[in-house]
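Novice: Sharing a structure below in structure tokens format, with a few things to ask.
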Protein chains: 2
Amino acid sequence: MEKKRRTEIAELGEFGLIDLLTSGVEPTNDSTLRAVGDDAAVMLPPAGEAVLCSTDLLTEGVDFDLTYFPLKHLGYKAVTVAGSDILAMNARPSQLMVSLGVSAKMSVEALQELYEGIAFACREQGIDLVGGDTKASVTGLTLNLTAIGHAPKERIVSRGGAQQNDLICISGNLGAAYMGLRLLEREKRVLADVENPEPKFGGYEYLLEKYLKPRLRRDIVDALAEEGIVPTSMIDLSDGLASDLLQICKASKCGARIYLDRIPIAKQTYALAEELHADPVVAALNGGEDHELLFTVPLAMQEQVMKMGCVDVIGHITPESTGAYLVTPDGSDIRLRAQGFAEKE
Amino acid sequence: MEKKRRTEIAELGEFGLIDLLTSGVEPTNDSTLRAVGDDAAVMLPPAGEAVLCSTDLLTEGVDFDLTYFPLKHLGYKAVTVAGSDILAMNARPSQLMVSLGVSAKMSVEALQELYEGIAFACREQGIDLVGGDTKASVTGLTLNLTAIGHAPKERIVSRGGAQQNDLICISGNLGAAYMGLRLLEREKRVLADVENPEPKFGGYEYLLEKYLKPRLRRDIVDALAEEGIVPTSMIDLSDGLASDLLQICKASKCGARIYLDRIPIAKQTYALAEELHADPVVAALNGGEDHELLFTVPLAMQEQVMKMGCVDVIGHITPESTGAYLVTPDGSDIRLRAQGFAEKE
């Protein structure tokens, strides 16, 4: 039983809905010339700077399950998913456009919750909401986010610049988001037929937050700038360490060796993995959705990287011919694969 | 029975699919620094120019019906829908990003057809395909397109600059796309239970083309530049003349008077409307999806506008207090409404 007031979208119409959702969202960046309310948004980046643009689609039932995904968190996470791609180019997201495909089953109040999460993340990250599109959907909720940023050309980092002997670095820890998802899925299964379900998350709040409300690692891009480091390559960890490192190897035409005992994994990730008889290393390598940054720097920059304090060096770049491997503590080499890791060599 | 080869998307995987779909799509614009293949696209507009960005969501069952919408045309039309928003700001689209939500029922070959249409429109219009996102969808096909352009700040036109006595101008003719849709819907209904349906479109090919494969009116923006005209306001006709003119009135804080006998309506639109007992004027006012341009210019520019040859003057801007009206040949004033037009005054 829904106690909250429920307003049907049809009562407002498309334009009324857009006005309501975007009211009170005022642009704050100098580069935003025109935001919501015209055919297109207009940006004027600082003279000589290049513009970065990235787009992400999130669909109900594939990227999120509304059974356990609070709409406010979904809005917040969507901004992280979109903005993370701009950070991965060593730039900061400054504008965002949101397309919504909305089924009739959603109320205006539900959409307001979603937008609250979007607006909260935007304010926190200094991002202006500059436009979007709102449409009916005969199926589930669909979101598409377009993130825009700008940066001096010479500071923009691609996936393709890693050089032999470069250090492979990552921010944060891996596998936590995936284990958060596993926990939510377990509770959904267990409580499927319970009338007033009370899921048990005790002790695993960190994992839930990493899955439901991951933060943008803007602090990493800031710290890199502070230490005067321009990475040779960078990618955001959305598909899992193995898959994303292989993307760098492919684009940079290089190999890699990473060391199992250097991969940072949180205590809670280990604990839940044990409870669920899962392998925390598999979660770290293939879980995905960590939205941490994976990057390479020249060996000579080791000291500066260590000074950042929030980054781990997990391995180094090798020649392309040697392939990409995970080295276990007993010295075995395991070839990295985009999905799972299997054969020993 | 499908005679063509059918490759499942799972055989290729997400990255293989993206590689296949975007192969052979090489950027040609100077402003494109990096296209497909990194976390974000990178653009460098000419010094001092502003960047325009617009996003559009198209969902199966709402924006298109795959029963009669050839995928190649859908791809082409999607580019028009997205690019038209940039034209409406008096700029030209130069880059495009495509997000796809793809259900398992679609084959790789079907997606290739869709992309052929996208690539064809991009080549025709000088637009670079610079990125996107491809995801599974548990429901229907979903497309989100983000169009990017650039222009000198002083040439960018918003909805909000129309002044009293300005002339209201439109390109092309109205209502044809809507009647094309009506025709397709009729044939779908009539042939629902027929085994080898042979729809009858004789004589109405123009209407089908306006609905299924509308062209971007880049020629209008080019012609405006040639005549040295910067419109005072502009919008692209996607929701119907009434609704879109009201958007200009709202943003410009003005009223409008347009004249029924000056609204250009194609012969085929009249003919099919008669056959279907529909009102061609309602199609023109409320049909939508024309993707023509509606703009205002100072009265003093009448001569230059006429010289363009491809534009009709259908009325003029009035003070806000007088409201927005359609004037019929017998001199009646009908108040314009976003949906339909009703009361006489």
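The values are calculated or read from the model by the stated rules, or taken from the named source; none is laboratory data. These numbers come from a predicted model, not from an experiment. A quick note on method: Cβ atoms are made from the backbone with ideal geometry, for glycine too, and the neighbour counts reach across all protein chains shown. Heavy atoms of the whole protein, side chains included, go into the accessibility calculation; ligands, DNA and RNA do not. Shrake-Rupley method; radii C 1.70, N 1.55, O 1.52, S 1.80 Å.
Novice: Please find, in a Gaussian network model of chain B (springs between Cα atoms separated by less than 10 Å), the residue of B:Tyr206, B:Tyr68, B:Tyr178 whose mean-square fluctuation is greatest.
Specialist: Among B:Tyr206, B:Tyr68, B:Tyr178, the largest mean-square fluctuation in the Gaussian network model of chain B belongs to B:Tyr68.
Novice: Shifting gears a bit: Where Lys and Arg each count +1 and Asp and Glu each count -1, what net charge lies around B:Lys307 among other residues with Cβ under 12 Å from its Cβ?
Specialist: Numbers: positive: none; negative: B:Glu226, B:Glu227, B:Glu303.
Neighbourhood net charge equals -3.
Novice: Report the trypsin sites (Lys or Arg not before Pro) located in the stretch A:169-210 that are in a DSSP loop and have at most 12 other Cβ atoms inside 10 Å of their Cβ, or state none. Kindly include the intermediate steps, with their values, before the conclusion.
Specialist: Working: sites: A:Arg182, A:Arg186, A:Lys188, A:Arg189, A:Lys200, A:Lys210; in loops: A:Lys200.
Sparse-neighbourhood loop trypsin sites (Lys or Arg not before Pro): A:Lys200.
Novice: Sticking with this one: Relative to the first principal axis of the alpha-carbon coordinates of chain B, what is the inclination of helix B:108-125, with its axis defined by its Cα atoms, in degrees from 0 to 90 and to the nearest 10?
Specialist: That helix lies at roughly 40 degrees to the long axis.
Novice: Heavy-atom accessible surface, probe 1.4 Å, ligands and DNA/RNA ignored: which residues of the stretch A:27-49 lose at least 40 Å² versus the isolated chain?
Specialist: A:Arg34, A:Asp38, A:Asp39, A:Ala40, A:Val42, A:Met43, A:Leu44
Novice: Separate question: Does the stretch B:209-345 classify as rounded, prolate or oblate by the C-alpha gyration tensor (a ≥ b ≥ c root eigenvalues; a/c under 1.5 gives rounded; else a/b over b/c gives prolate, otherwise oblate)?
Specialist: Working: a/c = 1.70, a/b = 1.11, b/c = 1.52.
In terms of gyration-tensor shape, oblate.
Novice: Just to check, using Stokes-Einstein with a Kirkwood Rh over alpha carbon pairs, what's the diffusion coefficient of the stretch B:34-120 at 10 °C and 1.306 mPa s in µm²/s?
Specialist: Working: Rh = 14.7 Å.
Approximately 108 µm²/s, per Stokes-Einstein.
Novice: Across peptide A:91-101, how many C-beta atoms of other chains are within 10 Å of each residue C-beta, on average? Write down the numbers at each step before the final one.
Specialist: Values: counts 3, 0, 1, 0, 2, 0, 5, 2, 10, 1, 9.
Per residue, the number of nearby Cβ atoms from other chains is 3 on average.
Novice: With a 1.4 Å probe, what is the total accessible area buried between chains B and A, in Å² rounded to the nearest 100?
Specialist: Result for this pair: about 4500 Å² buried.
Novice: Where a ≥ b ≥ c are the square roots of the eigenvalues of the C-alpha gyration tensor, would you call chain A rounded, which needs a/c under 1.5, or, failing that, prolate if a/b is larger than b/c, or oblate?
Specialist: Working: a/c = 2.37, a/b = 1.29, b/c = 1.84.
Oblate.
Novice: Let me have the relative contact order for the stretch B:189-292, percent, based on Cα pairs under 8 Å that are six or more residues apart. Let's see the in-between values first.
Specialist: Values: 68 pairs, mean separation 42.4, N = 104.
For the stretch B:189-292, the relative contact order is 41 percent.
Novice: Turning to a different aspect of this structure: Quick one: Cα convex hull volume of the protein assembly as shown, Å³ per residue? Please list the in-between numbers first.
Specialist: Values: hull volume 123.5 nm³, N = 690.
Given the Cα convex hull of the protein assembly as shown, per-residue volume reads 179 Å³.
Novice: In percent, how large is the relative contact order of chain B, given Cα pairs closer than 8 Å and 6 or more residues apart?
Specialist: 21
Novice: I need the shape label for the stretch A:119-276. Rule: rounded when a/c is under 1.5, else prolate if a/b > b/c, else oblate, with a, b, c from the alpha carbon gyration tensor. Could the numbers behind the result be given before it?
Specialist: On the way: a/c = 2.11, a/b = 1.32, b/c = 1.59.
Oblate shape, in that a/c is at least 1.5 and b/c is the bigger or equal ratio.
Novice: On average, how many beta carbons from a partner chain sit within 10 Å of the beta carbon of a residue in B:150-162? Could you put the intermediate results ahead of the total?
Specialist: Details: counts 3, 1, 0, 3, 0, 0, 5, 2, 7, 3, 3, 0, 0.
If you average over the peptide's residues, the count of other-chain Cβ atoms is 2.
Novice: Quick one: label points 7 angstrom along Cα→Cβ at B:Lys153, distances to the other copies in nm, smallest first?
Specialist: 2.2
Novice: Shielding of B:123-132 by partners, i.e. mean partner chain Cβ atoms within 10 Å per residue?
Specialist: Numbers: counts 0, 0, 0, 0, 0, 0, 0, 3, 5, 4.
Per residue, the number of nearby Cβ atoms from other chains is 1 on average.
Novice: Enter the accessible area per residue of chain B (Å², integer; probe 1.4 Å; all protein chains in place). Let's see the in-between values first.
Specialist: Working: 14370 Å² over 345 residues.
Per residue, chain B has an accessible area of 42 Å².
Novice: Taking θ as phi - 60°, what are the ³J(HN,Hα) couplings along the stretch A:74-85 by the Karplus curve (6.51, -1.76, 1.60), each to the nearest whole Hz, with x for Gly and Pro?
Specialist: 4, x, 4, 5, 4, 5, 5, 4, 6, x, 4, 5
Novice: Now, a different point. Taking the Cα centre of the protein assembly as shown as origin, sum charge times position over the Cβ atoms of Lys and Arg (+1) and Asp and Glu (-1), and report the length of that vector in debye to the nearest 20.
Specialist: Working: 66 positive and 102 negative charges, 15 e Å.
That gives a dipole near 80 debye.
Novice: Got a number for carbon plus sulfur as a percent of the protein assembly as shown's accessible area, 1.4 Å probe? Walk me through the numbers on the way to the answer.
Specialist: Values: 14380 of 28740 Å².
Using a 1.4 Å probe with all protein chains present, the protein assembly as shown comes out at 50 percent carbon and sulfur.
Novice: Go ahead and run the numbers for FRET between A:Leu299 and A:Thr67, Cβ-Cβ distance against an R0 of 41 Å, rounding to 0.05.
Specialist: Values: r = 48 Å, r/R0 = 1.16.
With a Förster radius of 41 Å, E is 0.30.
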